[in-house]
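J.: I am attaching a structure below and will ask some questions about it afterwards.
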Amino acid sequence: MNITKTVTYYKLPDLSGKAAERAYEKWLESDPIDSRPIVDALIAQAGILGITIDRFYCTGFYGQGDGACFDGRYAYNPQWRGAYHHNEELGLIGQRLHDMQAGDGFNITATIKHDSGCRYYHADSVYIDVSGVIDDDAIGIMENQMKRFMYYCYDALRLEHEWQTSFEAFEEMADGMVFTIDGEDFDCI
């Protein structure tokens with residue numbers, strides 16, 4: 001004996017508020033977050049500043065010990081100028097690194113390493129070894145600017161996470177999807 005079942009599918013705007021919320025929660029459980037594109041963009045931005053990132057660490061968001069840091073190296077990159085006319089924060093970091101380097105002959109380098117004994121991944125969980133320094137102030141400037149870039153990375157990742165887990169992002173993604181009346185089951189059309 002054959003049984004035929006008819007199911008009516010709905011677009012997201014046609015669902016009740018409760019059903020739309022259920023579909024959204026189910027979508028969040030599927031772990032829709034893809035942070036790789038933003039990490040790749042941050043690594044590229046670091047390269048323009050003269051920072052080579054070997055390994056990127058991030059934990060988050062909104063808990064003790066959350067943050068971003070990296071293992072890598074820094075050497076002055078004169079090509080940074082003009083690259084950040086659209087980004088004030090990166091422009092300031094680049095300018096401070098440039099001014100520090102200009103005072104010491106553009107020979108300052110640094111090695112940045114996460115403290116493997118630390119269970120946190122934030123700007124205060126790294127060692128920064130500065131070389132080629134003539135001016136003692138340069139060590140502090142280097143440490144501050146590397147950490148400032150790490151804070152910048154964390155903020156960028158946090159904002160992207162907030163967007164990717166927002167109901168607005170779900171609505172955008174769900175534009176080509178259909179749902180049952182209760183929002184439990186959904187599929188692509």
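The values are calculated or read from the model by the stated rules, or taken from the named source; none is laboratory data. Since we're looking at a predicted model, the values are computed, not measured. Backbone-built Cβ (ideal geometry, glycine too); neighbour counts: all protein chains shown.
J.: Output the number of the condition that Asn107 fails; it satisfies all remaining conditions of (1) in contact (Cβ under 8 Å) with a residue 24 or more places away in the chain; (2) part of a helix (DSSP H, G or I).
T.: Here Asn107 clears every test but (2).
J.: Could you tell me whether Gly117 is in a loop (DSSP other than H, G, I, E, B), loosely packed, with under 13 Cβ neighbours inside 10 Å and at pLDDT below 90?
T.: In short, yes.
J.: Checking Asn107 against (1) surrounded by fewer than 17 Cβ atoms within 10 Å (Cβ to Cβ); (2) more than 29 Å from Ala83 (Cβ to Cβ): exactly one of these is not met. Which one?
T.: The failed condition is (2).
Quick grid of which residues meet (1) in a strand (DSSP E or B); (2) within 20 Å of Leu42 (Cα to Cα):
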| position | (1), (2) |
| --- | --- |
| Ile128 | yes, yes |
| Asp135 | no, no |
| Tyr154 | no, yes |
| Leu159 | no, yes |
| Ala169 | no, no |
| Met173 | no, no |
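J.: Only one of Ile48, Ile33, Ile38, Ile112 is in a loop (DSSP other than H, G, I, E, B), β-branched (Val, Ile, Thr) and closer than 29 Å to Glu162 by Cβ. Can you tell me which?
T.: Only one candidate passes the filter, namely Ile33.
J.: Now for a separate question. Step by step: first the residues of the range 84-103, then only those that are surrounded by fewer than 16 Cβ atoms within 10 Å (Cβ to Cβ) and in a loop (DSSP other than H, G, I, E, B), then the one that is modelled with the highest pLDDT. Which residue is that?
T.: Within the range 84-103, the match that is modelled with the highest pLDDT is Asn87.
J.: Moving on to the next point. Test Gly50 against the criterion of being in the same structural domain as Met146 (by TED's automatic domain parsing), more than 14 Å from the chain's Cα centre (by Cα) and of a type in the set (Gly, Ala, Ser), and give yes or no. It would help to see each step written out before you state the result.
T.: On the way: in the same structural domain as Met146 (by TED's automatic domain parsing): yes; more than 14 Å from the chain's Cα centre (by Cα): yes; of a type in the set (Gly, Ala, Ser): yes.
It is true that Gly50 is in the same structural domain as Met146 (by TED's automatic domain parsing), more than 14 Å from the chain's Cα centre (by Cα) and of a type in the set (Gly, Ala, Ser).
J.: Output the residues belonging to the range 142-165 that are aliphatic (A, V, I, L, M), surrounded by fewer than 20 Cβ atoms within 10 Å (Cβ to Cβ) and touching a residue at least 40 places away in the same chain (Cβ under 8 Å).
T.: If the condition is that a residue be aliphatic (A, V, I, L, M), surrounded by fewer than 20 Cβ atoms within 10 Å (Cβ to Cβ) and touching a residue at least 40 places away in the same chain (Cβ under 8 Å), then Ala156 is the only one that fits.
J.: Could you check Asp71 against (1) at pLDDT 90 or above; (2) surrounded by 18 or more Cβ atoms within 10 Å (Cβ to Cβ); (3) not hydroxyl-bearing (Ser, Thr, Tyr) and say which number it fails?
T.: It is condition (2) that Asp71 fails.
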